[in-house]
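Here is the structure we will look at, set down as structure tokens.
The values are calculated or read from the model by the stated rules, or taken from the named source; none is laboratory data. Since we're looking at a predicted model, the values are computed, not measured. FYI the Cβ positions are ideal-geometry reconstructions off the backbone, even for glycines, and counts take in every protein chain you see.
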Amino acid sequence: MAIKIKGLLEVISLDRITQVLLDAFIDSSPKLLKVFPNDYTRKNALEMTLRYYGQYDMYYGKAYTLDEDVFEVALLLESNNVNTSKRRCLNARCYSYEYQEIKVKMPVEERKKRLKLFAELKKLEKKIPVPKEYLYLDYIGVAKDKQGEGRGSRLMEEICDYADAEGLPVILFTSSIKTKKFYGKFNFTEVESLISEEFGFTYICLMREPGSA
């Protein structure tokens, strides 16, 4: 069954999704700061990733915000759509012109590093036991100048209410202790915490059981 959260507004602009999440994560992700210490390279790597997975998540799942201003974004997938493949990504048009345009700006070695990063993430995720059916929170972020207004919390409340109604656990991954504390307010608990052998960052899987208000 397709994701449908009545209390939220669906976002259909990949440009806006990318803009909000780029602003939210560019200087706050321990994982990105560890792998891409150079500001210019980090921005390009993050924008490529957001355009790729943003397109995928919009095609196979949903992108949501609170209202038409779109100062916050959450990207959601059902568990049967979490695993990507080349065919699925081609169907979703993940390799867009904008994606390719950013790609050519990056030095070859930095492109290789980005691919190594995602190979490492997949390897880590395979080590973590997850339920057969769940709601996957791929990304959630608030534009920097709107943080602290409770927008992220309101977005999470709607997502959790939907998951409870569907009887689904919610799963996400983070490399930030700060965001782990934020999710703790919504009764997310740690499933497992792993260390990247390739890059040295901590990768934490969090899960919220349905009805754990």
Is it the case that some residue within the range 18-33 is under 23 Å from Glu120 (Cβ atoms) and of a type in the set (Phe, Trp, Tyr)? yes
Flagged in the range 71-91 as touching a residue at least 60 places away in the same chain (Cβ under 8 Å) and aliphatic (A, V, I, L, M), in numbering order, are Val73, Ala74, Leu75, Leu76, Leu77
Return a yes/no flag: does the range 39-50 have any residue that is surrounded by 15 or more Cβ atoms within 10 Å (Cβ to Cβ), part of a helix (DSSP H, G or I) and β-branched (Val, Ile, Thr). yes
Are there any pairs with C-beta distances below 7 angstrom linking a residue in the range 92-107 that is farther than 23 Å from Asn81 by Cβ to a residue that is among the acidic types (Asp, Glu), with the two at least 6 apart or on different chains, and if so which? Ile102/Glu47
For the range 89-101, how many residues are assigned to a helix (DSSP H, G or I) and either of a type in the set (Gly, Ala, Ser) or buried (at least 19 other Cβ atoms within 10 Å of the Cβ) (or both)? 2
Filtering the range 166-213 down to residues that are surrounded by fewer than 14 Cβ atoms within 10 Å (Cβ to Cβ), of a type in the set (A, V, I, L, M) and at pLDDT 90 or above yields Ile195
Every residue in the range 131-156 that is surrounded by fewer than 17 Cβ atoms within 10 Å (Cβ to Cβ) and closer than 21 Å to Ile204 by Cα, please. Pro131, Lys132, Glu133, Ser153
What's the number of the only condition in (1) over 23 Å from Tyr59 (Cα atoms); (2) touching a Pro at 6+ places or on another chain (Cβ under 6 Å) that Lys146 fails to meet? (2)
Qualifying residue in the range 73-88 (condition: within 29 Å of Lys6 (Cβ to Cβ), surrounded by fewer than 20 Cβ atoms within 10 Å (Cβ to Cβ) and aliphatic (A, V, I, L, M)): yes
Scan of the range 121-165 for residues that are over 17 Å from Phe186 (Cα atoms), assigned to a helix (DSSP H, G or I) and either in contact with a helix residue (DSSP H, G or I) (Cβ under 9 Å, 6 or more places away or on another chain) or at pLDDT 95 or above (or both), ordered by number: Leu121, Lys144, Asp145, Lys146
Which of the residues spanning the range 19-38 are more than 26 Å from Ser196 (Cα to Cα) and crowded, with 18+ Cβ neighbours inside 10 Å? Val20
